Amino acid sequence: MRDEERTKVQLIKEIQKMREKVSDLEELKLKYNQVDKELKQTYKKLQKFIEGTAYIIMKVVETRDPYSIGHQQRVSKLATAIAQEMKLPQDKIEGIRIASLVHDIGKINLPTEIISKPNKLIEVEFNLIKNYPKVGYNILKKLDFPWPVAEIVFQHQEKIDGSGYPRGLKGDEICIEAKILGVANVVEAMSSHKSYRPALSIDEALAEISKNKNILFDLKVVDTCIKLFKEKNFKF
């Protein structure tokens with residue numbers, strides 16, 4: 001066989017091998033697309049399940065306290081907006097959104113007369129109140145959320161100077177998700193009517209968190225929250 005013929009035969013073999021590799025790659029691509037599609041479908045189902053679980057928990061809390069109807073949803077809306085404005089990673093934003101929807105679950109352990117009491121709580125009653133984030137944590141830690149929802153709920157009443165409850169955490173001991181939830185919770189609660197007081201204006205609520213930034217509340221979280229209302233026209 002002449003050199004030219006050998007070269008031609010060799011080229012044909014190489015081309016055939018390349019075609020086989022391309023064919024293998026196409027098959028691999030099809031398998032990848034199928035797996036990707038199945039993963040997305042599974043994730044959507046998981047999201048629906050989580051949403052459903054959060055909704056049930058939210059409704060359980062609202063049946064105990066008529067003043068809390070819509071509270072957790074509004075807190076979630078604000079907390080999520082703060083997290084987005086702060087450009088947190090998407091997984092943290094989603095964790096905050098879900099934790100905010102269920103943050104009051106621990107209150108199911110409280111007597112109704114304390115939850116809806118029309119005047120100031122006495123010390124014994126307030127001590128019971130201070131335990132509700134821990135109760136919420138103990139309930140939520142049994143659910144397999146993809147985010148640290150239980151721990152966020154556990155920490156959301158902590159203050160950066162250590163004066164919060166139930167563990168008296170301070171500064172960086174408190175996760176950013178809980179710091180955001182804490183601010184959103186205070187703003188919504190102050191601007192809503194309660195059994196023991198009428199609603200305050202948004203401006204009054206914002207003035208309160210501004211007065212306590214870097215004392216009770218994280219500086220950046222407070223500034224971001226105020227920016228949303230003052231510059232971005234955020235509304236509950």
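When the Cα positions of G95, N119, I105 are compared along the charge dipole of region 39-130, G95 comes out farthest toward the positive end, with charges on each C-beta of Lys, Arg, Asp and Glu. What value does region 45-128 have for Rg/Rh, both radii from Cα atoms and Rh as Kirkwood defines it? With Rg and the Kirkwood Rh in hand, the quotient comes to 1.06. Quarter the surface of the alpha carbon convex hull of region 167-229 and you get the mean projected area, 4.6 square nanometres. If you add up the charges near R97, with Lys and Arg at +1 and Asp and Glu at -1, over every other residue whose beta carbon is less than 13 angstrom from its beta carbon, what do you get? Residues close to R97 contribute a combined charge of -1. Taking only alpha carbon atoms, region 93-183 gives an Rg to Rh ratio of 0.98, where Rh is the Kirkwood radius. Here K37 is the anchor, and the aspartates and glutamates within straight C-alpha reach of less than 17 Å, apart from those fewer than 8 places off in the same chain, are E26, E27.
Its relative contact order, with pairs defined as Cα atoms under 8 Å and 6+ residues apart, puts region 62-117 at 43 percent. Above 18 Å, the calculated P(r) of region 120-236 contains 56 percent of its Cα-Cα pairs.
For region 163-220, lysine pairs separated by 8 or more sequence positions, or belonging to different chains, with Cα-Cα distances below 21 Å total 8. Under a 5 Å amide H cut-off, with hydrogens placed 1.01 Å from N, F217 pairs with I160 among residues at least 5 apart or on other chains.
Within the chain, the proportion of Cα pairs with more than 31 Å between them is 35 percent.
Taking the longest Cα principal axis of the chain as reference, the axis of helix 3-64 is set at about 20 degrees.
Couplings for region 210-224, taken from phi via the Karplus curve 6.51 cos²θ - 1.76 cosθ + 1.60 with θ = phi - 60°, read 5, 4, 10, 6, 6, 10, 9, 10, 4, 4, 5, 5, 5, 4, 5 Hz in order; Gly and Pro are left as x. For the chain, a simple Cβ point-charge model (Lys and Arg +1, Asp and Glu -1, everything else neutral) yields a dipole of about 300 debye relative to the Cα centre.
Short-range pairs are left out: with C-alpha atoms under 8 Å and at least six residues apart, the relative contact order of the chain is 17 percent. When the charge dipole of the chain is built from unit charges on Cβ atoms (+1 for Lys and Arg, -1 for Asp and Glu) and taken about the Cα centre, the candidate among Q84, L46, Q157 whose Cα reaches farthest toward its positive end is L46. The Rg/Rh ratio of region 24-67, with Rg taken over Cα atoms and Rh as the Kirkwood radius over Cα pairs, comes to 1.46. Largest accessible area first, the residues M58, M190 order themselves as M190, M58 under a 1.4 Å probe with ligands, DNA and RNA left out. Here each label is just a point 7 Å from Cα along the line to Cβ, and for N212 and L25 those points are 6.1 nm apart. Highest mean first, the peptides 223-230, 88-95 sorted by other C-beta atoms within 10 Å per residue fall in the order 223-230, 88-95. Hey, which lysines would be in cross-link range of K142, C-alpha to C-alpha under 22 Å, not counting anything within fewer than 8 residues on its own chain? Partners found: K44, K45, K48, K59, K92, K107, K130, K134. Ligands, DNA and RNA excluded, the heavy atoms of K21 present near 140 Å² of accessible surface to a 1.4 Å solvent probe.
Taking region 8-98 on its own, what percent of its Cα-Cα pair distances exceed 21 Å? Don't skip to the answer; put the middle values down first.
On the way: 2497 of 4095 pairs.
Everything past 21 Å amounts to 61 percent.
The values are calculated or read from the model by the stated rules, or taken from the named source; none is laboratory data. Just so we're clear, the structure is a prediction, and the values are computed from it rather than from any experiment. Positions of Cβ are backbone-derived with ideal geometry, glycine not excepted, and every protein chain shown enters the neighbour counts. To get the accessible areas, we keep the full protein, side chains included, count just its heavy atoms, and leave off ligands, DNA and RNA. Shrake-Rupley method; radii C 1.70, N 1.55, O 1.52, S 1.80 Å.
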